Amino acid sequence: MTVASREPQITSAQLERAICARSFRRFLSFVRIQEPPVPGVPGSGGIIPFQPWPHLMELAEILPATLLLALLKARQDGATWLIAAYLDWLANYRDGTDALLLSKTEPDAQSFLSKAVTIHRLLPSHLVVPFAKDPTTEVMVLRNGSMLTDMASTENAGRSRTFSVVVQDEADFHPYLAENFAAVKPTIDAGGQLIMVST
């Protein structure tokens, strides 16, 4: 007498999650963003799908494969939203990701983090690791131990620990860019990722 083996059933949600974990580009197809209203344009703004413009999709291939990246961007080209989505993708699918977002001022840094928080909140529930606690203006923590922290570019920013990934937004305008680079160099030496973005 033979006993039929039971193969574990994989749901479409589990399959979708597994594909997104392997492909940042696939993950982007589920990303939605919050656009501010345009003054004088009724009905503008609100929650919209991430726009897969060709230059962003090319960058989506480069980001996961490049440890040291310097990116020149134009205003309103979608790059900040893309990088915020990338950090959320890492946080969801690479347990224990420890990311630092550095910007020229505290409000700028908080604005960057708020984009990642917005993306996380708007994703389908089967694709996200839940928040470990409510996000603040300074930090987003997930139940898998991943953490996104924002800081202004002060003289000592980034000296506290070795991060998995560091993003220096508007790097050319940081008052302490050289000091910050020296502070996060152990991240790079340990195989972490550094993304410098600037207009």
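With every protein chain in place and a 1.4 angstrom probe, the accessible-area ranking of 112, 181, 173, largest first, reads 173, 181, 112. Solvent-accessible area of the chain (1.4 angstrom probe, protein heavy atoms only): carbon and sulfur portion equals 57 percent. Averaged over its residues, the chain has an accessible area of 54 Å² per residue, based on protein heavy atoms and a 1.4 Å probe.
Rounded to the nearest 5, the antiparallel percentage of DSSP beta bridges internal to the chain is 30%. Within region 98-199, DSSP assigns beta bridges of which about 20% are antiparallel (rounded to the nearest 5).
Close amide H contacts of residue 132 (hydrogens built in the peptide plane, cut-off under 5 Å, sequence separation of 5 or more or a different chain): 141, 142, 143. The heavy atoms of residue 77 offer some 30 square angstrom of accessible surface to a 1.4 angstrom probe. Taking amide H atoms as placed 1.01 Å from N in the peptide plane, the amide H of residue 193 lies under 5 Å from those of 165, 166, each 5 or more residues away in sequence or on another chain. Which of rounded, prolate or oblate describes region 1-69 when judged by the alpha-carbon gyration tensor and an a/c cut-off of 1.5? Because a/c hits 1.5 or more and a/b fails to exceed b/c, region 1-69 counts as oblate. You can think of it this way: the chain between residue 106 and residue 9 has 30.2 nm of extra reach, that is 0.36 nm per residue less the Cα-Cα gap.
For region 66-123, the Kirkwood estimate of hydrodynamic radius, built from reciprocal distances between every pair of different alpha carbons, is 12.4 Å. Distance between the modelled labels on residue 143 and residue 155, one decimal in nanometres: 4.3 nm (7 Å Cα→Cβ projection).
With contacts taken as Cα pairs under 8 Å and at least 6 residues apart, the chain reaches a relative contact order of 22 percent. In this structure, the amide hydrogen of residue 146, modeled 1.01 Å from its nitrogen in the peptide plane, lies closer than 5 angstrom to those of 96, 97, counting only residues at least 5 positions away or on a different chain.
Label-to-label distance for residue 132 and residue 74 is 4.1 nm, based on points extended 7 Å past Cα in the beta-carbon direction. Compactness of the chain was expressed as the Cα radius of gyration divided by 2.2 N^0.38 Å, which yields 1.11.
Sequentially through region 21-30, phi angles give Karplus couplings (6.51, -1.76, 1.60; θ = phi - 60°) of 5, 8, 10, 4, 4, 5, 4, 4, 5, 9 Hz, Gly and Pro residues having no value and appearing as x.
Per residue, the convex hull spanned by the alpha carbons of region 105-176 comes to 98 Å³.
Helical runs (DSSP H, four residues minimum) scored at -39500 (n - 2.57) apiece and divided by the length of the chain put the mean residue ellipticity at 222 nm at -11000 deg cm²/dmol. Might you work out the accessible area of residue 104 for me, using a 1.4 Å probe with all protein chains in place, and round it to the nearest 10 Å²? For residue 104, the solvent-accessible surface is approximately 70 Å². In this simple spin-label model, placing a label point 7 Å from the Cα along the Cα-to-Cβ direction at both residue 67 and residue 47 gives a separation of 3.9 nm.
Across region 98-107, computed HN-Hα scalar couplings (Karplus, 6.51 cos²θ - 1.76 cosθ + 1.60, θ = phi - 60°) run 10, 10, 10, 10, 10, 9, 5, 9, 5, x Hz from first to last residue, x flagging Gly and Pro. Remark: relative contact order (region 110-193) = 23 percent; criterion is Cα-Cα distance under 8 angstrom and separation of 6 or more residues.
The values are calculated or read from the model by the stated rules, or taken from the named source; none is laboratory data. Fair warning: this is a prediction, and the values are worked out from it, not measured in the lab. Cβ coordinates were reconstructed from backbone atoms using ideal geometry, including for glycine residues, and neighbour counts include every protein chain displayed. Protein only, heavy atoms only, side chains kept; ligands, DNA and RNA dropped before computing areas. Shrake-Rupley method; radii C 1.70, N 1.55, O 1.52, S 1.80 Å.
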